[in-house]
Amino acid sequence: MHEKLLSALLAAAILTAGIAAGAPTLQSHGHANVTNATQPSPSFADYVYRIHAGGVAAIEVTFDAQSEAVLRVGDDDDEGYSLTANVTDGNGDGRAIVLFDSGAVGSNDTTVRAVDPDDEVAVTAETGLANDSLDAGDYSLSLRDDGKAVSLGSLTVQADAAVGEFTADAVEIEQNDTATIPVALEGTDAATVRVGSEAVNYYLDVLVVDRDGDGAVTLEFDTATADTDTVVVRANGSESTGIATVRSEFSPSDSVPPLAVGNYPLALYHGNSTDEELSVGALRITDPATASTTETTDDPATTEQPLRTTTATRTTATTTEPDTGSVPGFGPSLAVTALAAAAMLAARR
């Protein structure tokens, strides 16, 4: 099998650049890019893909004049598995990113899927496995145009299981702000993030793709656009390193934007679906006005002290002797003394 892999890589270099143009150079994240040659069309953007067992490979196909190609993964005779699919660049941007889910082989349409909703991937044949995970090993990749192989590559599946997790247990923002949700992936290029749930009457499913292979994708979700025709999501702030695509959104018919204040669960799922949960977290949306009030009333120094000051001022200002109708300065003690003197005078008489 290794001899076949080496032959495939050599053929890829020859088909792509010619012997004189040199060989592909390996990038630090494990994919192989041609940096000094004119690529054929259609062509693989990377020629070597590495994932872990159950992981998803983001296979990018580039186009020039045409917009269709035939993708083949594996070889049924030599590798025990093969899949053939038609790939179409539906929006004319010169590329189509195909997600190959090694944990869902044998299930046809869920085995491969286009990242961009405008692109199309249609499985025409799949043999070797049924509803199972692809075994660890090396698998050939090829792109065909008019029946001829024009670009070759390889897919390596390692035995360790692919994993993913939220790198923050909770994310807190104020209403209408953008939530930044960091995700770590190992051995897989893609995962699905669900914000919310049916229990809280709202959820949003977003597919995130790690394009540069560094294992980190940061999902940015503009909560002010929730439940609108244009929900805004981004990954890493740039499509060159990550992609975020809305898969689905649920909300009651009477709900209105913006996303309400409250707590929303976060869930991270394997690959394209929401079947296998990898990690959980929380998104807390607060009301800016309520947060400001809470800060003021919870601090004794800002609530009790003004009351004490006000009370002291009022006490000082209103402390006077009772009004008895007597002459100023003739207080109760003088009145008692006068009555005693009058009594003594009467006794002498």
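Structure notes:
- Looking at Leu134, Leu155, just one residue is outside the structural domain of Glu220 (by TED's automatic domain parsing), touching a Phe, Trp or Tyr at 6+ places or on another chain (Cβ under 7 Å) and modelled with pLDDT under 95, and that residue is Leu134.
- Of all residues in the range 245-276, those satisfying the criterion of being surrounded by 13 or more Cβ atoms within 10 Å (Cβ to Cβ) and acidic (Asp, Glu) are Glu249, Glu276.
- Residues satisfying the stated conditions in the range 130-178, i.e. more than 32 Å from the chain's Cα centre (by Cα) and either among the aliphatic types (A, V, I, L, M) or within 30 Å of Pro257 (Cα to Cα) (or both): Ala149, Val150, Leu152
- Matching residues in the range 68-83 - criterion: being crowded, with 17+ Cβ neighbours inside 10 Å and either of a type outside the set (Asp, Glu) or without any contact (Cβ under 8 Å) to a residue 12 or more places away in the chain (or both): Ala69, Val70, Leu71, Arg72, Val73, Gly74, Tyr81, Ser82, Leu83
- Those residues of the range 132-160 which are within 20 Å of Thr110 (Cα to Cα) and acidic (Asp, Glu), in sequence order: Asp132, Asp135
- Residue within the range 236-244 that is exposed (fewer than 15 other Cβ atoms within 10 Å of the Cβ), under 22 Å from Glu60 (Cβ atoms) and not small (Gly, Ala, Ser) present: yes
- Hey, Leu134 assigned to a strand (DSSP E or B) and not acidic (Asp, Glu) or not: no
- Comparison of Thr156, Thr180 shows that the only residue that is hydroxyl-bearing (Ser, Thr, Tyr) and either closer than 30 Å to Asp64 by Cβ or not in a strand (DSSP E or B) (or both) is Thr156.
- Pairs, first more than 22 Å from Asp177 (Cβ to Cβ) and of a type in the set (Lys, Arg) in the range 276-288, second surrounded by fewer than 16 Cβ atoms within 10 Å (Cβ to Cβ) and at pLDDT 95 or above, C-beta under 7 Å, six or more apart: none
- When Ser7 is tested against (1) in a strand (DSSP E or B); (2) modelled with pLDDT under 95, only condition (1) is not met.
- Hey, Ala104 under 20 Å from Ala162 (Cβ atoms), crowded, with 16+ Cβ neighbours inside 10 Å and at pLDDT 95 or above or not: no
- Of all residues making up the range 200-228, the number that are of a type in the set (A, V, I, L, M) and touching a residue at least 60 places away in the same chain (Cβ under 8 Å): 3
For every residue, the table says whether it meets (1) surrounded by fewer than 19 Cβ atoms within 10 Å (Cβ to Cβ); (2) of a type in the set (A, V, I, L, M); (3) touching a helix residue (DSSP H, G or I) at 6+ places or on another chain (Cβ under 7 Å).
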position: Gly92; (1), (2), (3): yes, no, no
position: Val112; (1), (2), (3): no, yes, no
position: Gly147; (1), (2), (3): yes, no, no
position: Ser151; (1), (2), (3): no, no, yes
position: Ser154; (1), (2), (3): no, no, yes
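The values are calculated or read from the model by the stated rules, or taken from the named source; none is laboratory data. Predicted model only: the values in this text are computed from it and were never measured. We place every Cβ from the backbone using ideal geometry, glycine too, and count neighbours over all the protein chains shown.
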